[in-house]
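Participant: Dropping the structure in here first, questions after.
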Amino acid sequence: MPRPDRKQREFERREQDLLDTALELFSRPNWESVTIEQIARAADVGKGTVYKHFISKDELLFRLMLRFYRGLLQAFQQEFGEDEDILQRFRKVFEYALHYHLEHREYRYVVEYCKRIDFKERADESWRASFLELDQAFKDWGDPMILAAMDGGMIEKRPLVQVTLGLHACFDGAVAMLWAGKDWCPHGDQEEIVEAATAFMMSGFIGQI
């Protein structure tokens, strides 16, 4: 694969700098009022430079959401091999994913916004294609392990979609609680939520064998 030339590398570096700057601004409670002009000023570039990389504020938000989930997928692929008990592996995956969300709380407004129905309805078709590609990559990583666990008699056999939908529902609820902070964790005991959600997901994952 040809190595990008200096101009292309500079373009990509500036794009990452703009994403970093935007994330810092979007991580604050008043994030919805942030403008492209404010992002440009904070990044010390012209407004036109931002538009060379992103067609809109929505694209910036979408690209940050993709970066967040790509980071999680990369961690799954690197951290969790096939050299341990599959149920123990899934327990570690659930715990890791919840801690990943806790450790990257600066993305919470971005991710929650990009999950909104109104955002999805107006999203560019190319963005949807990128998200579906990423979603498929998660499935390609996790689905074979779920099916192997079923074939090995470690979890109850049932439709794959039933397992994944149940896990998503519980996981997303746990993330909402963790990201809500003091509203759900008045004493700061977020680990209690992680432990409870992981135990509940494991119970549902295993099923009635």
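Participant: Which value, in debye to the nearest 20, gives the size of the charge dipole of the stretch 1-88 about its Cα centre, when Lys and Arg are +1 and Asp and Glu are -1 at the Cβ?
Facilitator: 740
Participant: Which residue, Gln136, Pro159, Gly81, has the largest displacement toward the positive end of the dipole of the chain when charges sit on each Cβ (Lys, Arg +1; Asp, Glu -1)?
Facilitator: Farthest along the dipole direction, towards plus: Gln136.
Participant: Alpha carbon centre of the stretch 84-101 versus the stretch 129-168: separation in Å?
Facilitator: 14
Participant: Here's a follow-up. For the stretch 124-160, state which trypsin sites (Lys or Arg not before Pro) are in a DSSP loop and have at most 15 other beta carbons lying within 10 Å of their beta carbon.
Facilitator: For trypsin sites (Lys or Arg not before Pro) across the stretch 124-160 that sit outside H, G, I, E and B with at most 15 neighbouring Cβ atoms in 10 Å, the list reads Lys157.
Participant: According to the square roots a ≥ b ≥ c of the eigenvalues of the Cα gyration tensor, what is the shape class of the chain, taking rounded for a/c under 1.5, prolate for a/b larger than b/c otherwise, and oblate for the remainder?
Facilitator: Verdict is prolate for the chain.
Participant: Shape verdict for the stretch 1-78, please, from the Cα gyration tensor: rounded (a/c under 1.5), prolate (a/b greater than b/c) or oblate.
Facilitator: Because a/c hits 1.5 or more and a/b fails to exceed b/c, the stretch 1-78 counts as oblate.
Participant: Right, another one. So what is the accessible area of the chain per residue, in Å², with the probe set to 1.4 Å?
Facilitator: Heavy-atom SASA per residue in the chain reads 59 Å².
Participant: Could you calculate the contour length gain from Glu95 to Met145, that is, 0.36 nm times the residue separation minus the distance between their Cα atoms, to one decimal place in nm?
Facilitator: Once the chain is fully extended between Glu95 and Met145, it gains 16.3 nm.
Participant: Which three numbers, in whole Å and largest first, are the semi-axes of the equivalent ellipsoid of the stretch 88-209 derived from its Cα gyration tensor as √(5λ)?
Facilitator: One finds semi-axes of 25, 22, 11 Å for the stretch 88-209.
Participant: Provide, as a two-decimal number, the C-alpha radius of gyration of the stretch 31-153 over 2.2 N^0.38 Å, N being how many residues it has.
Facilitator: Normalised Cα radius of gyration, the stretch 31-153: 1.31.
Participant: So, in the chain, how many Lys pairs have Cα atoms under 20 Å apart, if the pair is 8 or more places apart or on different chains?
Facilitator: Going through the chain pair by pair, I get 8.
Participant: List the relative contact order of the chain as a percent without decimals, with contacts defined as Cα pairs under 8 Å and 6+ residues apart.
Facilitator: Once normalised by length, the contact order is 21 percent.
Participant: Please report, in debye to the nearest 20, how large the charge dipole of the chain is about its Cα centre when each Lys and Arg carries +1 at its beta carbon and each Asp and Glu carries -1 there.
Facilitator: 720
Participant: Using a 7 Å offset from Cα along Cα-Cβ at Arg9, what residues in the stretch 21-58 end up with backbone N under 16 Å from the label point?
Facilitator: none
Participant: Return the carbon/sulfur percentage of the accessible area of the stretch 4-66, one whole number, probe 1.4 Å, all protein chains in place.
Facilitator: Answer for the stretch 4-66: carbon and sulfur cover 46 percent of the accessible area.
Participant: For the stretch 101-209, which GluC sites (Glu not before Pro) pass both filters: DSSP loop (anything but H, G, I, E, B) and at most 16 other C-beta atoms within 10 Å?
Facilitator: Sites meeting the loop and neighbour criteria: Glu156.
The values are calculated or read from the model by the stated rules, or taken from the named source; none is laboratory data. What you see is a predicted model, and the numbers here were worked out from it, not measured in a lab. Using ideal geometry, Cβ is built from the backbone for each residue, glycine included, and neighbour counts are taken over all protein chains shown. Calculation scope for accessible area: heavy atoms of the full protein, side chains included, ligands and nucleic acids excluded. Shrake-Rupley method; radii C 1.70, N 1.55, O 1.52, S 1.80 Å.
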